[in-house]
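Everything below concerns the one structure shown next.
The values are calculated or read from the model by the stated rules, or taken from the named source; none is laboratory data. Note that the coordinates shown come from a computational prediction; the quantities given were computed from them, not determined experimentally. Here the Cβ positions follow ideal geometry from the backbone for every residue, glycine too, while neighbour counts run over all protein chains shown.
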Amino acid sequence: MDDTATNGATLSRSPAGTSVKTAISIENLTVRYGEFAALKNLSLTVADGELLTVLGPSGSGKSTLLNIVAGSVFADEGRIRFEGLDVTHMPPHKRRIGMVFQRYTLFLNRTVAENIAFPLEIRKTDKDIQKKLVAEALDMVGLTAQASRYPSQISGGQAQRAALARAVVFKPAIMLMDEPLGALDRALRKTLQYEIRSLQQRLRVPMLYVTHDQEEAMSLSDRIVIVRDGKIYADGPPRELYRSPRSTWGANFLGDANCLPTDGVLNHGRVEVADSQLVPVSGQSSGSKKSSVLVRPENLQVSRTSGNNAEFKAEVEWVEYLGPFQKIRLKCFGTELVAQVNGQSGDFAKGEHVFIGWRGEDAILIEQD
Amino acid sequence: MSRSHILVRIAAVAFVCAYFVFLLAPIVVMVPASFTAHDILSFPPDQLSMRWYSEVLNSREWLDSAAMSLEIAIVSMVIATVTGVLVGFVVYHYGPLGSGLRLLLLSPMLVPHIVVATGLFQVLVPMRLLGDPWVLAIAQAAMALPVTVILSIAAFDAIERSLWTAASTLGARWHQITIKVMLPIAATSIVASLILSFENSWHEVTLAVFVGPAVQATLPSKMFSFLLQESTPALAAVSTLLLVITLVCAAILGLLSIRRRRNEAQPTSEEP
């Protein structure tokens, strides 16, 4: 998957078949902090109008990547191009980027409207046009009523909306989001996620969005790039990354996963796992001794009676009831498995003996790290 | 509350009261004494008059001294504050100062003025710089550095690190960020720093007496030599005028701290 990105093609094909420009192309980027390499020969492209999320655990190098694109950190090796133009050594103020940060970065001595006007003021935009653009931006993020308030007089959610308005008011060529919702509570995060996404689609501005929240990444993105230890671990649309992760690490990182180690030798649609049990799986033999059967919790079926897709004996260890669904931790094949079943279906009790199983097409073989 | 507790409390209150009486008594005596009509300092004055104020305000000598003090105080204030702000920028961009550098910047607070004054005296004599107003201004600025540096570091440390990057991505160049973003945010601390370093020089005696201009001395230095020769109520009048200036400075500082509390808060986390 890394290879397609490395080519850094200036033209790629959108799903609709029309050709789209590459907004950002990062080629063979390496950044070192002393001995430690934060990014190792990383290549990546963002298509025009695309919302690309860079997802990774803390310390994976995702913030460094964003800072490189912003121009506040410079690369040791590699190039960055915006729409073909080499910006590797260009200072941030010339890059035409709209950036929103995790921490509050409004200017505390300016009102919301004055904050939004700042980039226009710097560009010496005509006063009347400034007023019009600021009013539009305020309206876009729903802060018209708060225009003359100071940052100390608004809430955290409003502050991030104002920061968003300030970042788009000068019509930047690209947008960078550095965990913009990190400081907000869950319910607010959901609303703002939706607003950011619809704003991005309305403006059709390419957006590079960094987060460590996989749910946020899944719900927002056209495409997700998972960064691990300074390298791209996986690159693809959310569905693809969730359904066919490259390895057990990725399966666990993006959602919950049941991974059963196996030798990967397929026989009549089954592989052997612990306790010499033969479990169903789709696809072909992996050809690697270090493989795992991946079954997502929502595909694991739990039943009181043995049946077609409930053939293995298991013991309920813990039930976590979450309303719309419940998570059941089970002991089976000498390990712990998680099943996610409908909240309305039968209530299982701790210690109960049940049968579990899954359809062959719901399990795949993946590499084990 | 136990009995010993109450006793400790009473002792503490008594100590604080005594402390303030001791501090304020000279002022209580000096101000009324300045309004006397007589030729000698007397308290309480039996006859009120503005005689000594008009004497001081019409005296070439006092006014020249005041002008000299003012010039030196302004130069000293600018040097100390600008240096403080520059240190603030360094801390903002590169993190906390090393302990050696910090100690160096704060050392004027630890070294007695008289030690600095005698040391400077011995250095300045062979250089023929004794009595140079510029030298005095620089020396007083150095003595004010601990205050301006501490104020400035506190102000710049409180500024969010990504604010610079934010302003920069919005199109601002370094000088625009400095003038339009950083300095306005640090403004209260900078003004406080200006006032305190001005005050520091304005009422500084030791350095002024030892290495300051002799003929046209600064006001505190002139008051000191005046006091050695004669003690007319003119001295009380000058003291009262100095006191008024100090009170004005203190009032500005007080107002600043109110403004600061109101305007420099981050957005709240709760939603309305």
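Considering segment B:94-145, and only residues there that are of a type outside the set (A, V, I, L, M, F, W, C) and outside any helix (DSSP H, G or I), the residue that is nearest to residue A:73 (Cα to Cα) turns out to be B:95. Residue A:182 falls short on exactly one of the conditions (1) buried (at least 19 other Cβ atoms within 10 Å of the Cβ); (2) in contact (Cβ under 8 Å) with a residue 40 or more places away in the chain, and that condition is (1).
Return yes when residue A:82 is under 31 Å from the mean Cα position of the chain (by Cα), within 10 Å of chain B (Cβ to nearest Cβ), crowded, with 17+ Cβ neighbours inside 10 Å and not polar (S, T, N, Q) and no when it is not. Taking the combined requirement at face value, the residue does not satisfy it. In the set A:276, A:282, only one residue is of a type in the set (Gly, Ala, Ser) and within 31 Å of the chain's Cα centre (by Cα); that residue is A:282.
Within segment B:222-242, the set of residues being in contact with a Leu (Cβ under 9 Å, 6 or more places away or on another chain) and part of a helix (DSSP H, G or I) comprises B:223, B:226, B:227, B:233, B:235, B:236, B:237, B:238, B:241, B:242.
A quick yes/no check of all residues on (1) part of a loop (DSSP other than H, G, I, E, B); (2) more than 10 Å from every other protein chain (Cβ to nearest Cβ); (3) at pLDDT 95 or above:
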| position | (1), (2), (3) |
| --- | --- |
| A:89 | yes, yes, no |
| A:93 | no, no, no |
| A:103 | yes, no, no |
| A:106 | yes, no, no |
| A:135 | no, yes, yes |
| A:158 | no, no, no |
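Name the residue that is surrounded by the most Cβ atoms within 10 Å (Cβ to Cβ), counting only residues in segment B:210-221 that are in a loop (DSSP other than H, G, I, E, B) and of a type outside the set (Val, Ile, Thr). It comes out as B:212. Looking across segment A:146-156 at every residue that is at the interface with chain B (Cβ under 7 Å from one of its Cβ atoms) and in contact (Cβ under 8 Å) with a residue 12 or more places away in the chain, the one that is surrounded by the fewest Cβ atoms within 10 Å (Cβ to Cβ) is identified as A:152. Are any residues in segment A:269-297 of a type outside the set (A, V, I, L, M) and at pLDDT 85 or above, and if so, which ones? Of everything in segment A:269-297, those that are of a type outside the set (A, V, I, L, M) and at pLDDT 85 or above turn out to be A:269, A:270, A:272, A:277, A:280, A:282, A:290, A:291, A:292, A:296, A:297.
Kindly indicate whether any position in segment B:163-184 is under 29 Å from residue B:257 (Cβ atoms), away from chain A (no Cβ under 14 Å) and part of a helix (DSSP H, G or I). Taking every residue of segment B:163-184 in turn, none turns out to be under 29 Å from residue B:257 (Cβ atoms), away from chain A (no Cβ under 14 Å) and part of a helix (DSSP H, G or I).
Got at least one residue in segment A:234-256 being more than 13 Å from residue A:53 (Cβ to Cβ) and either acidic (Asp, Glu) or within 14 Å of chain B (Cβ to nearest Cβ) (or both)? Yes: one or more hits.
Every residue, every condition in (1) in contact with a Ser or Thr (Cβ under 7 Å, 6 or more places away or on another chain); (2) among the aromatic types (Phe, Trp, Tyr); (3) touching a residue at least 12 places away in the same chain (Cβ under 8 Å), yes or no:
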position: B:35; (1), (2), (3): yes, yes, yes
position: B:44; (1), (2), (3): no, no, yes
position: B:64; (1), (2), (3): no, no, yes
position: B:68; (1), (2), (3): yes, no, yes
position: B:72; (1), (2), (3): yes, no, yes
position: B:76; (1), (2), (3): yes, no, yes
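For segment A:109-123, a tally of residues being facing chain B (nearest Cβ under 10 Å) and surrounded by fewer than 22 Cβ atoms within 10 Å (Cβ to Cβ) returns 5.
When A:63, A:58 are checked against the criterion of being closer than 23 Å to residue A:221 by Cα, part of a loop (DSSP other than H, G, I, E, B) and either within 12 Å of chain B (Cβ to nearest Cβ) or out of contact with any Asp or Glu (no Cβ under 7 Å at 6 or more places or on another chain) (or both), a single residue qualifies: A:58.
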